[in-house]
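Okay, structure first, notes after.
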């Protein structure tokens with residue numbers, strides 16, 4: 001991007017054209033605005049009032065660097081260091097998955113299930129950014145929630161997000177439910193890795209080249225983590241407790257079989273807005 005004076009309106013227009021010429025064009029205007037506001041530390045209301053202000057010098061160079069990151073496929077959330085989930089703000093780094101709108105269906109279902117317990121004990125397995133656990137405790141102030149992740153770097157992000165949103169969580173590092181193997185809970189919730197490794201090349205470049213592989217891939221069929229997690233969850237649930245897990249496209253039949261084989265009953269699937277089974281829920285007898 002040329003390092004010459006321009007109005008903010010002109011600069012955003014030029015940035016939009018640059019992004020539109022790249023592979024990620026569906027939100028070029030919005031991304032151009034967000035990157036500029038991030039650089040300036042301003043909000044959208046300020047932008048609307050200052051479109052004809054001049055903008056030049058070192059700021060143009062720095063803006064161009066941000067645009068290049070986005071042009072090359074880096075997700076806007078990582079560039080900004082911010083994402084929103086369930087109406088709450090979350091910091092995100094390359095160590096954690098970017099929270100997805102589909103995962104809000106999982107949170108909604110757990111909140112519904114939690115209504116059946118006076119003070120539910122809940123464990124979030126593979127917490128990542130902490131978005132599920134933070135959203136749950138925000139809406140379930142009487143719940144005792146533990147968040148587990150294998151990655152120390154991810155846990156550090158989750159802890160910061162809990163502080164940012166003013167909620168109290170218990171964090172543990174470890175593999176799946178190993179850190180609480182001798183405990184029992186009312187609800188176990190998880191959005192585990194479930195992408196088959198064979199699907200890697202079909203993923204969008206933003207996901208494939210930037211989000212953590214540890215949180216994405218789970219063997220040839222995407223079911224490796226479920227095969228371990230589901231039996232562990234059965235052992236760690238109180239009788240009449242629930243497991244609620246996010247699942248991938250086309251996995252509902254296999255997940256249903258894994259749940260039934262482990263001893264779970266009342267198995268149900270909740271679809272996302274595209275009518276794809278997205279959440280699996282089952283109860284321990």
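A few remarks follow.
- Part-to-part distance (alpha-carbon centres) for region 255-285 and region 58-89, which is given in Å: 36
- Region 6-72 - convex hull of alpha carbons, volume per residue in Å³: 69
- Solution diffusion estimate, µm²/s, Stokes-Einstein, the chain, Kirkwood Rh from C-alpha pairs, 25 °C, viscosity 0.890 mPa s: 120
- For the chain, the relative contact order comes to 14 percent (Cα pairs under 8 Å, sequence separation of at least 6).
- For the chain, a Gaussian network of Cα nodes joined below 10 Å ranks 130, 41, 73 by mean-square fluctuation, and the top entry is 41.
- Rounded tilt (10° steps) of 152-164 against the dominant C-alpha axis of the chain: 80
- Using C-alpha pairs under 8 Å with a sequence gap of at least 6, the mean separation divided by the residue count of region 16-157 gives a relative contact order of 17 percent.
- With the simple model of a label 7 Å out from the Cα in the direction of the Cβ, residue 276 to residue 49 spans 4.2 nm.
- Kirkwood radius for region 19-156, taken over all pairs of different Cα atoms as the inverse mean of 1/r, rounds to 17.4 Å.
- Neighbour-count ranking [beta-carbon atoms within 10 angstrom, fewest first] of 272, 43: 43, 272
Taken together, the values in this text are just the output of simple stated rules run on the coordinates, not laboratory data. The structure presented is a predicted model; accordingly, all values stated were derived computationally and were not measured. Heads up, the Cβs are rebuilt from the backbone with ideal geometry, glycines too, and the neighbour counts pull from every protein chain shown.
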